[in-house]
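No lab work stands behind these numbers, since they all come straight from the coordinates. All values reported here derive from a predicted model rather than from experimental measurement. Methodologically, a virtual Cβ is constructed for each residue, glycine included, from the backbone with ideal geometry; neighbour enumeration extends over all protein chains shown.
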Amino acid sequence: MPTQKPQLTPISEMTFAELEASARACTLCSEHLPLGPRPVFQISSTARILIAGQAPGRRVHETGVPFNDPSGDRLRAWMGIDRATFYDARRVAIIPMGFCYPGTGKSGDLPPRPECAETWRKALLAQLGRVELTLVIGQYALDWHLPERTQGTLTETVQAWRSYQPSIWPMPHPSPRNNLWLKKNLWFEQDVLPELRLQVAKLLDTH
Ligand code: SF4
């Protein structure tokens, strides 16, 4: 007797719970992942802030906690919030372009796996009805969240931050690898971050 394949619910028709569970169990691009799949993200339908990052690094892969590394320490300092607030999924969603560690190349971590955003991003973002501020971190997230931006560099896009107010904040990656960028672009810490901290505090009611 022929066996019947289980009927899978299309992603576009999944409930929030089904969607989150399916993304957390995803193995779609496992053949490309040197340490195997371990999707790392944080989400709830009540979040007010979205952090749209790149992909987990090795340390985040090992702990399963997003931004649990020096990049995260710097990002929390940029936002002016502590770990407890940052990891409160009811307030802050963290949805990178790729959910699993993609491996390391000659000049740092490899790009996020493209299958990831293609498969999950639209559906997950559609669940975030209360988000009012999105931190768009690094080139891949900028390309997704600001497709209309001109061909400018990341620096030019971040420099034009006022034109994306109040909901989108283009950001450089907070990685220690970007220390030189931060030294060359002092305006980012002097002009952008104080304003960002104000907006974050207002939304999270932490001021
Ligand atoms: S990177 Fe994304 S698409 Fe690939 S296995 Fe992880 S969750 Fe699935």
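The packing ranking of peptides 77-84, 179-186, highest mean first, is 77-84, 179-186, where packing means the average number of other beta carbon atoms within 10 angstrom of each residue. About its Cα centre, the dipole of the range 130-207 is roughly 180 debye, where the only charges are +1 on Lys and Arg Cβ and -1 on Asp and Glu Cβ.
What full-extension length gain, to one decimal in nm, is calculated for LEU198 and LEU186 as 0.36 nm per residue of separation minus the Cα-Cα distance?
Result for the pair: 2.4 nm of gain on full extension.
Hey, any idea what the orientation-averaged projected area of the convex hull of the range 95-199's Cα atoms comes to, in nm²?
Working: hull surface 30.1 nm².
Taking the Cα atoms of the range 95-199, their convex hull projects to 7.5 nm² on average.
Compared with the rule-of-thumb size 2.2 N^0.38 Å for a compact globular protein, the chain has a Cα radius of gyration ratio of 1.05. Spacing of the modelled spin labels on ARG162 and ARG149, each 7 Å from Cα toward Cβ, amounts to 1.8 nm. For the range 33-154, a Kirkwood radius taken over Cα pairs fed into Stokes-Einstein (4 °C, viscosity 1.567 mPa s) yields D = 88 µm²/s. Compute a Gaussian network model of the chain, connecting alpha carbons closer than 10 Å, and tell me which residue from TYR87, TYR164, TYR140 fluctuates the most. Checking each option, the largest mean-square fluctuation is seen for TYR164. Summing Lys, Arg as +1 and Asp, Glu as -1, what charge do residues with Cβ under 13 Å from the Cβ of LEU204 carry, LEU204 excluded? Surrounding charge for LEU204 is +3. ILE81 sits among other residues whose Cβ lies under 14 Å from its own Cβ, and their net charge, with Lys and Arg +1 and Asp and Glu -1, is +4. Give the residues of the range 118-149 whose amide nitrogen is closer than 13 Å to a point set 7 Å from the Cα of ILE11 in the direction of its Cβ. Only 118-127 fall inside the zone, counting backbone N under 13 Å. GNM on the chain, alpha-carbon springs under 10 angstrom: the most fluctuating residue among SER163, SER175, SER44 is SER163. When the Cα convex hull of the range 137-207 is projected onto planes of every orientation, the mean area is 5.1 nm². Here r is the Cβ-Cβ distance between LEU35 and GLU118 and R0 is 25 Å; the resulting FRET efficiency, rounded to 0.05, is 0.70.
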